[in-house]
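Peer 1: My questions all concern the structure below.
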Amino acid sequence: MSDKTMSAEEAVARLESGMTLGIGGWGARRKPMALVRALLRTEITDLTVVSYGGPDVGLLAAAGRIRKLVTAFATLDSIPLEPHYRAARESGALELMEVDEAMFMWGLRAAANRLPFLPVRAGIGSDVMRVNPGLRTVTSPYVDESSGTREEFVAMPALRLDAALVHMNRADRLGNGQYLGPDPYFDDLFCEAADAAYVSCEQLVENMGTAELTKEAAPQTLLLKRSSVTGVVETPNGAHFTSCVPDYGRDEAFQRLYATTPYAEFAERFLSGDEHAYRSAVEAWQREWNQ
């Protein structure tokens, strides 16, 4: 039993260029944005990013840090297509493996269970197979009694991760993590599929153990087990500008600013300093916007 707390800077200092990095959350929902911003303050590049993509993908793509992206989509939810991802894709700045959402999940599950692949029906009969010529199919070893045939499946390869970044509502010092919103977003699979997992949280629960975490919600909301977590970072408002329900919703006004501002201009104003500087810059912009 050890204290796994660290700063965002200490967490990203353990990452290296060329890694395969999984980023949890979903679109513009509960993304580990403080950790992504900390990553942008490093020189780390040439990443393979595995994500149900949102502004995490957009920021890293705009900064030229992504060599290859594995995703099912890249969206800001209320803005259907992530604009910086779109620009990177249109310019050919990154390699893309685009798969069905279920295939993506099955790839994480295969990695979490240390399997080379898992069979999945999703993708059969779609352009997923055409745009991913490296995908293979597998025939069931069992005969279907009703049809007398053996069914064919897509063999979704395991999405093994060198490291994962996820964001929780609550966590303790041991690495147990809890979500309080409507959906776990597969963050547990990201952690279990990774060699190392770093969890940012809105609030660090000082009293170690699951009893304190489950005071606020049902035991099943205790999503992350300490055995799959390497480090814990307390980052209040650390998912901004994505949502982290019920702590806060998505900052739609700021997201519109992000989506309509050239990356260099956005980075100069909001990403040129540390996390405290980011929050101060956001607060200054909000005062201007509300005038």
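The numbers here are math on the coordinates, done by the rules we state, and not lab data. Owing to the predicted nature of the structure, the values given are computational and were not obtained by experimental measurement. Counting neighbours? That spans all protein chains shown, and the Cβs are built from the backbone with ideal geometry, glycine included.
Peer 1: Could you check which residue among 279, 37, 170 shows the biggest mean-square fluctuation in a GNM of the chain with a 10 Å Cα cutoff?
Peer 2: Between 279, 37, 170, it is 279 that shows the largest mean-square fluctuation.
Peer 1: When a/c is below 1.5 the answer is rounded, else prolate if a/b is larger than b/c, else oblate, so apply that to the range 131-176 with a ≥ b ≥ c taken from the square roots of the Cα gyration tensor eigenvalues.
Peer 2: prolate
Peer 1: GNM, the chain, Cα, under 10 Å: largest mean-square fluctuation among 214, 20, 139?
Peer 2: Fluctuation is largest for 139.
Peer 1: Which value, in debye to the nearest 20, describes the size of the charge dipole of the chain about its Cα centre when Lys and Arg Cβ atoms bear +1, Asp and Glu Cβ atoms bear -1, and nothing else is charged?
Peer 2: Numbers: 29 positive and 40 negative charges, 60 e Å.
Computed charge dipole of the chain: roughly 280 debye.
Peer 1: Compute the helix-to-body angle for 101-112: its Cα long axis versus the longest principal axis of the chain, expressed 0 to 90° and rounded to tens.
Peer 2: 90
Peer 1: Would you calculate, for the chain, the mean residue ellipticity at 222 nm contributed by helices, counting each DSSP H stretch of 4 or more residues as -39,500 (n - 2.57) and dividing by all residues, to the nearest 500?
Peer 2: That comes out to -8000 deg cm²/dmol.
Peer 1: Would you work out if the chain is rounded, prolate or oblate? Take a ≥ b ≥ c from the square roots of the eigenvalues of the alpha-carbon gyration tensor; rounded if a/c is under 1.5, else prolate when a/b is larger than b/c, oblate otherwise.
Peer 2: Values: a/c = 1.90, a/b = 1.31, b/c = 1.44.
Judged from the Cα gyration tensor, the chain comes out oblate (a/c at least 1.5, b/c at or above a/b).
Peer 1: Tell me the label-point distance for the pair residue 130, residue 256, using the 7 Å Cα-to-Cβ offset, in nm and rounded to one decimal.
Peer 2: 3.8
Peer 1: Ok, one more. Where does each of 227, 146 land when they are ranked from fewest to most other beta-carbon atoms within 10 angstrom?
Peer 2: Least to most surrounded, the residues fall as 146, 227.
Peer 1: Along the charge dipole of the chain, pointing to its positive end and built from +1/-1 on Cβ of Lys, Arg, Asp and Glu, which listed residue (180, 110, 231) has its Cα farthest out?
Peer 2: With unit charges placed on the Cβ atoms, the residue in question is 110.
Peer 1: Between residue 113 and residue 265, 0.36 nm times their residue separation minus their Cα-Cα distance comes to what?
Peer 2: 50.4 nm
Peer 1: Among rounded, prolate and oblate, which fits the range 52-155 when a ≥ b ≥ c are the square roots of the eigenvalues of its C-alpha gyration tensor, a/c under 1.5 means rounded, and a/b larger than b/c means prolate? Mind showing how you got there, number by number?
Peer 2: Numbers: a/c = 2.61, a/b = 2.40, b/c = 1.09.
The shape class here is prolate.
Peer 1: If you take the charge dipole of the chain about its Cα centre, with +1 on Lys and Arg Cβ and -1 on Asp and Glu Cβ, which of 134, 23, 194 is farthest toward its positive end?
Peer 2: 134
Peer 1: Right, something else. Given a 10 angstrom Cα cut-off, can you work out which residue in 87, 38, 164 is the most mobile in a GNM of the chain?
Peer 2: With Cα springs under 10 Å in the chain, the top fluctuation among 87, 38, 164 is at 87.
Peer 1: Does a label point 7 Å from the Cα of residue 46, set along Cα-to-beta-carbon, have any residues of the range 9-24 with amide nitrogen under 12 Å, and which are they?
Peer 2: 16-20
Peer 1: Moving on. Give me the extension gain from residue 68 to residue 280: residue separation times 0.36 nm, minus the current Cα-Cα distance, reported in nm with one decimal.
Peer 2: The span from residue 68 to residue 280 would gain 73.0 nm if fully extended.
Peer 1: Sticking with this one: R0 = 22 Å: FRET efficiency of residue 9 with residue 272, Cβ-based, nearest 0.05?
Peer 2: Efficiency, rounded to the nearest 0.05: 0.90.
Peer 1: Hey, another quick one. Tell me which aspartates and glutamates have Cα within less than 13 Å of residue 68's Cα, excluding those fewer than 8 residues away on the same chain?
Peer 2: 46, 95, 98
Peer 1: Straight-line reach from residue 4: which lysines have Cα under 23 Å away, leaving out those fewer than 8 places along the same chain?
Peer 2: Correct list for residue 4: 31, 215, 225.
Peer 1: I'd like the distance between the alpha-carbon centres of the range 228-291 and the range 72-136, rounded to an integer number of Å.
Peer 2: Between the Cα centre of the range 228-291 and that of the range 72-136, the gap is 27 Å.
Peer 1: Determine the gain in length on full extension of the stretch residue 218-residue 150; use 0.36 nm per residue of separation and subtract their C-alpha separation, reporting nm with one decimal.
Peer 2: 20.3 nm
Peer 1: Mind listing the long-range amide H neighbours of residue 99? Cut-off is under 5 Å, sequence gap 5 or more, other chains count too, H placed in the peptide plane at 1.01 Å from N.
Peer 2: Amide H neighbours of residue 99: 71, 72.
Peer 1: Let me ask something additional. Relative contact order of the chain: what whole-number percent is it, with Cα pairs under 8 angstrom and at least 6 residues apart? Each step should come with its number before you reach the end.
Peer 2: Details: 621 pairs, mean separation 60.2, N = 291.
Taking the mean separation of contacting Cα pairs over the length of the chain, I get 21 percent.
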